[in-house]
1. Determine which member of the set K355, K382 is among the basic types (K, R) and modelled with pLDDT of 95 or more.
2. Select the helices (runs of 4 or more DSSP H) contained entirely in segment 220-313, then report the ones holding at least 3 residues which are of a type in the set (D, E) and in the same structural domain as R190 (by TED's automatic domain parsing).
3. Consider only pairs whose beta carbons are under 7 Å apart and that are at least six residues apart or on different chains; among these, list those whose first residue lies in segment 93-118 and is in the same structural domain as T40 (by TED's automatic domain parsing) and whose second residue is among the basic types (K, R).
4. Among all residue pairs at least 6 apart or on different chains, which show Cβ distances below 7 Å where the first residue, located in segment 242-267, is surrounded by fewer than 16 Cβ atoms within 10 Å (Cβ to Cβ) and the second is assigned to a loop (DSSP other than H, G, I, E, B)?
5. Out of all the residues in segment 146-158, is one or more assigned to a loop (DSSP other than H, G, I, E, B) and among the polar types (S, T, N, Q)?
6. Among what's in segment 335-388 and is within 30 Å of D113 (Cβ to Cβ) and charged (D, E, K, R), pick the residue that is surrounded by the fewest Cβ atoms within 10 Å (Cβ to Cβ).
7. For A305, all conditions in the list (1) without any contact (Cβ under 8 Å) to a residue 24 or more places away in the chain; (2) among the hydrophobic types (A, V, I, L, M, F, W, C); (3) touching a Cys at 6+ places or on another chain (Cβ under 9 Å) hold save one; what is the number of the exception?
8. Of everything in segment 161-215 that's within 26 Å of E370 (Cα to Cα) and among the polar types (S, T, N, Q), which residue is surrounded by the most Cβ atoms within 10 Å (Cβ to Cβ)?
Amino acid sequence: MKIALVCPYNMLELSGGVSEVVTHLRDELVKRGHEVKIITPRPAGFKGKLPKDYIFLGTSAKFNAGLATDGTWTYDIEAEEISRVLNSEKFDVINFHEPWAPILARQILALSDTAHVGTFHANLVDSVAAKSLVNVFFTYGKGIGDKLDIITAVSPAPAAVFLNKAPDHRLAKSIRYVPNGIDLSKYRTRPASAVKNPKQKTILYVGRLEGRKGVKYLIKAYHELTSKKDDVQLLIAGAGPDEDKLRQYVKDNEIPRVTFLGRISEADKIRHLHKADIACYPSHRGESFGIVLLEAMAAGLPTVAGDNLGYQSVMTGLGALSLVNPQDIIDFSRRLEVFLYQPELRKIWIDWAEKYVEQFDWPKVAQMYEQAYEKAIARHEKIHAKAS
């Protein structure tokens, strides 16, 4: 198949979950023998060379919609340019990631007459700001669904946007859930320098430092734990708008053994995952999946996680033991203590995670996308045959 993966976000200057999924999916589909191009907007002011197998359409602009995280949307797209690309490439299927994001998908769909798959990533149902944004763009996005042959979503959380707003749409009853993937071998490989400290327990957080991620609740729960245990430390890796406030909170409350690592490389993240005793991701809203949970599982690291819609879709079965309301500081602290100091529970959890995480290896996830593309092409051809 000749496949186009459309990402509405700035893929060259900003890292993010959707762009990482698109990149990994492209690599895996190429391994499976497909020809794959990535369509994405040109970053504003970008003067660099166009990467191999990338197509720029339009220009990206940064915005903050009150969702506690930044995003981008696309502008300055010419219909003539889109038509030229579509006529030249002749894709068998186009996979639009976040098809409601303005305005790249809508403009391509208006001019494309091939099979279309829409993939929803973002959780826009568990905050007032997110729901308001959906209401604003629903009229804009209504026509998009009519041009899609298949809809996929990484979990029920992002699918809820479509199901809640268009429950009677022809695609509502046939949504396919295709999870995010992970390179298992990369995270399972323990770096030689990843040696645990036998005299000190380590709690690790890796991610953005912003309100919805719940890092302040983690610090409070950790502080409660240090009133009983003096052999534990907290490592916080990442950066974001709340970093200065969090550092000041730790200082003002004299919370011991908290280290802010700042942004770390992928190699350092893997090393810390293998050195830590538990990982903790206390997001209380806004999550649609939870790749960070899979990374910890693959590294054999027990995990405590916020009980939000996205993480619930990952932490099923025995994994539900990991879910906690991060705003309940006492219960949160107890959960950290149990996962740190109960070896029997740790072994049960690690054994479960080792088997459970296998289903998220990229080759298996790419195969699910491949099947969705084949279904979309068959459905498109069937509709086309009826029309003619």
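The values are calculated or read from the model by the stated rules, or taken from the named source; none is laboratory data. All of these numbers come straight from a predicted model, not from anything done at the bench. Please note: Cβ atoms are built from the backbone with ideal geometry, for glycine as well, and neighbour counts cover all protein chains shown.
1. On the way: K382 fails: modelled with pLDDT of 95 or more.
Going through K355, K382 in turn, just one is among the basic types (K, R) and modelled with pLDDT of 95 or more: K355.
2. On the way: elements: 243-252, 266-275, 291-298.
So the answer is 243-252.
3. Taking only residues 6 or more apart or on different chains, the pairs are L109/K147; H116/K147.
4. G262/A239; R263/G238; R263/A239
5. Step one: of segment 146-158, the residues assigned to a loop (DSSP other than H, G, I, E, B) are 147-149, 154-155.
Imposing the further condition that a residue be among the polar types (S, T, N, Q) reduces the set to 155.
The answer is yes, given that some residue of segment 146-158 is assigned to a loop (DSSP other than H, G, I, E, B) and among the polar types (S, T, N, Q).
6. Keep residues of segment 335-388 that are within 30 Å of D113 (Cβ to Cβ), which gives 365-388.
After this cut, where a residue has to be charged (D, E, K, R) as well, the list is 370, 374-375, 379, 381-382, 386.
On the way: E370: 18, E374: 15, K375: 17, R379: 16, E381: 12, K382: 11, K386: 7.
Here the answer is K386.
7. Condition not satisfied by A305: (1).
8. N180
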